[in-house]
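Asker: Pasting a structure here, questions to come.
The values are calculated or read from the model by the stated rules, or taken from the named source; none is laboratory data. Values in this document were obtained by computation on a predicted structure and should not be read as measured data. For neighbour counting, all protein chains shown are included, and Cβ atoms are generated from backbone atoms with ideal geometry for every residue, glycine included.
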Amino acid sequence: MRPSKMVTARLGGLLGVLFVVFGATLTRGQTISDDRLSVALQGLDELAHKIIETAGVPGLAIAVVHDDKVVYLKGFGHREVGKPDLVDPDTVFQVASMSKPISATVVAALVSEGVVGWDARISDLDPGFQLRDPYPSRELTIRDLFNHRSGLPGQAGNELEGIGYGQAEILRRLRLVAPSSSFRAGYSYSNFGFTEGAVAAARPTGKRWDVVAEETLYRPLGMASTSSRYADFLARGNRAALHVKLSGAWVAKVKRDADAQSPAGGISSNARDLAQWVRLELGNGVYEGKVLIKPEAIAATHLPLMARGDNPVTGAMSFYGLGWNVDFGRHGLSWGHAGAFSVGAQTVVGLYPKANLGIVVLTNAFPSGVPEGLADSFADLAFDGKVGNDWVKAWNRAYQSLFVPAVAAAKTTYGAPPPSPSPARPLVAYAGRYINGYVGEAVVSAVGDALTLAVGPRGAHVYPLSHFDRDLFISYPSPEMPDMASAVRFTIGPDGQAMDVTIDWLNEVGLGTLRRVAE
């Protein structure tokens with residue numbers, strides 16, 4: 001979710017201290033009896049079955065941990081619509097942005113070992129990385145990037161990943177992006193800022209991030225089915241396909257390789273493995289009686305440093321720590337994080353540290369309110385003995401509100417050409433090569449009586465362009481929203497030839513205009 005407001009880093013830090021005290025007071029002595037927990041787990045089971053019966057999602061898996069024990073571990077539904085394979089606790093899901101708190105645990109382990117510090121400067125760890133302005137480039141730390149206060153706009157790099165650029169090239173091009181706020185003065189959720197923080201933290205080891213994550217966290221916890229590599233996910237026989245809803249039905253339409261933003265969104269895992277990670281988190285770095293991560297290193301990830309605005313459904317005061325959302329809601333202090341791929345995955349983790357209670361919900365579909373809805377319903381059952389709201393329905397509305405207005409606006413604007421559209425120029429006027437330092441090269445080609453647009457490395461992504469009005473064309477770049485049009489606009493020079501092109505869906509950070517170059 002995008003934040004509803006931003007505050008300064010200093011105010012965020014002050015509020016963080018106040019709310020740590022407030023949260024501790026609010027949740028002191030919070031306990032859940034075995035009988036109450038048993039009833040809550042039965043209610044959770046019934047809700048999960050109902051979700052599958054009503055096609056809320058094709059499949060889901062749930063793990064619940066209480067007092068350092070895995071008290072619930074179960075799968076429901078199908079790995080892929082139309083196929084017989086069922087989800088079980090060992091089914092591997094892509095967890096999307098739930099990768100962030102897991103990666104924060106990895107870095108906490110490095111901090112614990114003295115390999116790196118939360119306030120280590122990126123300019124020392126990875127001198128080749130730069131932001132647009134010199135001062136932030138010099139002073140930027142791991143803490144800044146894991147807390148999303150670097151000033152990078154949230155979308156920066158996402159569009160480059162979408163057209164096929166790899167991690168190193170995306171991170172290099174971030175230096176061209178204008179900040180969305182002053183350094184450390186605003187919260188902006190950035191996948192690639194977070195990715196740089198993790199990659200830089202791993203550099204002193206001399207190993208790749210995925211190897212560090214495996215050696216530092218997955219292997220010590222016995223998380224044998226967890227990986228930060230997409231190839232490992234594809235190699236799992238028991239894995240969940242991604243699903244989107246088209247014409248009212250779930251379909252497995254698109255695959256998603258998130259290696260470019262692996263620390264921020266590229267982890268795959270199952271409910272069984274993630275339960276062990278939850279045990280480590282609730283144990284404040286202790287696992288099976290052994291200190292794997294020093295308490296001060298892992299506790300730093302849970303401090304509320306920047307305000308995100310109120311939770312859009314529950315109304316809880318919501319902050320961001322290091323890879324974790326920190327909320328102060330109806331059941332007291334909680335740590336959590338959601339994950340979603342718009343092409344078909346949705347996940348959530350929610351921890352209530354004072355009650356030693358945690359839940360993970362993994363699903364293979366988007367958009368739906370199922371993960372958050374089930375987690376919130378379970379919390380109500382565990383703490384209050386009853387569900388206080390239809391949380392699945394409430395979260396469904398929240399996610400739909402992210403997309404329905406945008407789709408409706410696109411249909412209103414581009415659903416039909418103007419009543420008397422101006423004709424296009426001869427297509428040769430638009431055809432050619434266009435370049436800028438951020439997007440790279442775009443090639444517009446005239447094929448018969450139509451135009452195509454090729455972008456990305458070696459022009460790997462090709463989109464047909466449909467004429468709309470004079471020098472404006474439209475494309476349909478989103479596989480999960482095939483009816484959502486986006487504009488491609490040409491500016492014509494004095495010679496009657498296009499001199500630049502603006503690609504709206506690559507223009508979210510204002511760098512989607514490319515200049516034509518002579519052949």
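Asker: Considering only the stretch 71-86, I want to know if a residue exists there that is in a loop (DSSP other than H, G, I, E, B) and in contact with a helix residue (DSSP H, G or I) (Cβ under 6 Å, 6 or more places away or on another chain).
Answerer: no
Asker: State yes or no: is VAL509 buried (at least 17 other Cβ atoms within 10 Å of the Cβ) and assigned to a loop (DSSP other than H, G, I, E, B)?
Answerer: Yes, satisfied.
Asker: Another question about this same structure. Pick from the stretch 226-251 the residues that are over 15 Å from the mean Cα position of the chain (by Cα) and hydroxyl-bearing (Ser, Thr, Tyr): which of them is modelled with the lowest pLDDT?
Answerer: Here the residue is SER247.
Asker: For the stretch 213-253, which residues satisfy the criterion of being farther than 20 Å from LEU274 by Cβ, aliphatic (A, V, I, L, M) and in contact with a Gly (Cβ under 8 Å, 6 or more places away or on another chain)? Break it down stepwise before answering.
Answerer: Residues of the stretch 213-253 farther than 20 Å from LEU274 by Cβ: 231, 243-253.
Subsequent filtering for residues that are aliphatic (A, V, I, L, M) retains 231, 244, 246, 249, 251-252.
Those that are farther than 20 Å from LEU274 by Cβ, aliphatic (A, V, I, L, M) and in contact with a Gly (Cβ under 8 Å, 6 or more places away or on another chain): VAL244, ALA252.
Asker: Oh, and also: Determine whether ASP327 is without any contact (Cβ under 8 Å) to a residue 60 or more places away in the chain, in the same structural domain as VAL370 (by TED's automatic domain parsing), buried (at least 21 other Cβ atoms within 10 Å of the Cβ) and closer than 26 Å to GLY388 by Cβ.
Answerer: Spelling it out, ASP327 is indeed without any contact (Cβ under 8 Å) to a residue 60 or more places away in the chain, in the same structural domain as VAL370 (by TED's automatic domain parsing), buried (at least 21 other Cβ atoms within 10 Å of the Cβ) and closer than 26 Å to GLY388 by Cβ.
Asker: Taking the residues in the stretch 449-458 that are buried (at least 18 other Cβ atoms within 10 Å of the Cβ) and free of Cβ contacts under 8 Å to residues at least 60 places away in the same chain as candidates, determine which candidate is farthest from the chain's Cα centre (by Cα).
Answerer: LEU451
Asker: Consider LEU234 against the criteria (1) within 23 Å of ALA61 (Cα to Cα); (2) crowded, with 16+ Cβ neighbours inside 10 Å; (3) without any contact (Cβ under 8 Å) to a residue 24 or more places away in the chain; (4) of a type outside the set (Gly, Ala, Ser): it satisfies all of them except one. Which criterion is unmet?
Answerer: Only one criterion is unmet by LEU234, namely (2).
Asker: So which residues in the stretch 409-448 are assigned to a loop (DSSP other than H, G, I, E, B) and either touching a residue at least 40 places away in the same chain (Cβ under 8 Å) or crowded, with 19+ Cβ neighbours inside 10 Å (or both)?
Answerer: GLY415, PRO417, PRO418, PRO421, SER422, PRO423, ALA424, ARG425, TYR430, GLY437, TYR438, VAL439
Asker: Moving on. For the stretch 123-148, what are the residues that are among the hydrophobic types (A, V, I, L, M, F, W, C), crowded, with 21+ Cβ neighbours inside 10 Å and outside any helix (DSSP H, G or I)?
Answerer: LEU131, LEU140
Asker: Residue under question is ALA120, and the condition is that it be surrounded by 18 or more Cβ atoms within 10 Å (Cβ to Cβ), farther than 29 Å from ALA231 by Cβ and hydrophobic (A, V, I, L, M, F, W, C); does it hold?
Answerer: Working: surrounded by 18 or more Cβ atoms within 10 Å (Cβ to Cβ): yes; farther than 29 Å from ALA231 by Cβ: yes; hydrophobic (A, V, I, L, M, F, W, C): yes.
Answer is yes for this residue.
Asker: Among the residues of the stretch 476-519, count how many are of a type outside the set (D, E, K, R) and within 25 Å of the chain's Cα centre (by Cα).
Answerer: Matching residues across the stretch 476-519 total 17.
Asker: Another question, then. For the stretch 449-478, give me each residue that is under 12 Å from VAL488 (Cβ atoms) and either touching an Asp or Glu at 6+ places or on another chain (Cβ under 8 Å) or part of a loop (DSSP other than H, G, I, E, B) (or both).
Answerer: Within the stretch 449-478, VAL455, ASP471, TYR476, PRO477 qualify.
Asker: Return the pairs, sorted by first residue and then second, in which the second residue is surrounded by fewer than 20 Cβ atoms within 10 Å (Cβ to Cβ), the first residue lies in the stretch 136-148 and is on the phi > 0 side of the Ramachandran plot, the beta carbons are less than 7 Å apart, and the residues are 6+ apart or on different chains.
Answerer: Sorted first by the residue in the stretch 136-148, then by its partner, the pairs are HIS148/TYR189.
Table: residues versus (1) closer than 24 Å to ALA518 by Cβ; (2) in contact with a Ser or Thr (Cβ under 6 Å, 6 or more places away or on another chain).
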position	(1), (2)
TYR399	no, no
ALA408	no, no
SER420	no, no
ILE435	yes, no
LEU451	yes, no
MET484	no, yes
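Asker: Right, another one. Given the structure, is ASP210 touching a Gly at 6+ places or on another chain (Cβ under 9 Å) and in a helix (DSSP H, G or I)?
Answerer: Here the answer is yes, as ASP210 does meet what is asked.
Asker: Determine whether the stretch 170-191 contains at least one residue that is in a helix (DSSP H, G or I), of a type in the set (A, V, I, L, M), in contact with an Asp or Glu (Cβ under 7 Å, 6 or more places away or on another chain) and at pLDDT 95 or above.
Answerer: Yes.
For every residue, the table says whether it meets (1) under 20 Å from GLY350 (Cβ atoms); (2) in contact with a Ser or Thr (Cβ under 6 Å, 6 or more places away or on another chain); (3) of a type outside the set (Asp, Glu); (4) at pLDDT 95 or above.
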position: LYS253; (1), (2), (3), (4): no, no, yes, no
position: ALA260; (1), (2), (3), (4): no, no, yes, yes
position: PRO263; (1), (2), (3), (4): no, yes, yes, yes
position: ILE267; (1), (2), (3), (4): yes, yes, yes, yes
position: ASP273; (1), (2), (3), (4): yes, yes, no, yes
position: GLY285; (1), (2), (3), (4): yes, no, yes, yes
position: LYS290; (1), (2), (3), (4): no, no, yes, yes
position: ILE293; (1), (2), (3), (4): no, yes, yes, yes
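Asker: Name every residue in the stretch 237-265 that is surrounded by fewer than 20 Cβ atoms within 10 Å (Cβ to Cβ), in contact with a Phe, Trp or Tyr (Cβ under 6 Å, 6 or more places away or on another chain) and in a loop (DSSP other than H, G, I, E, B), in order of residue number.
Answerer: Selection gives ARG256, ASP257.
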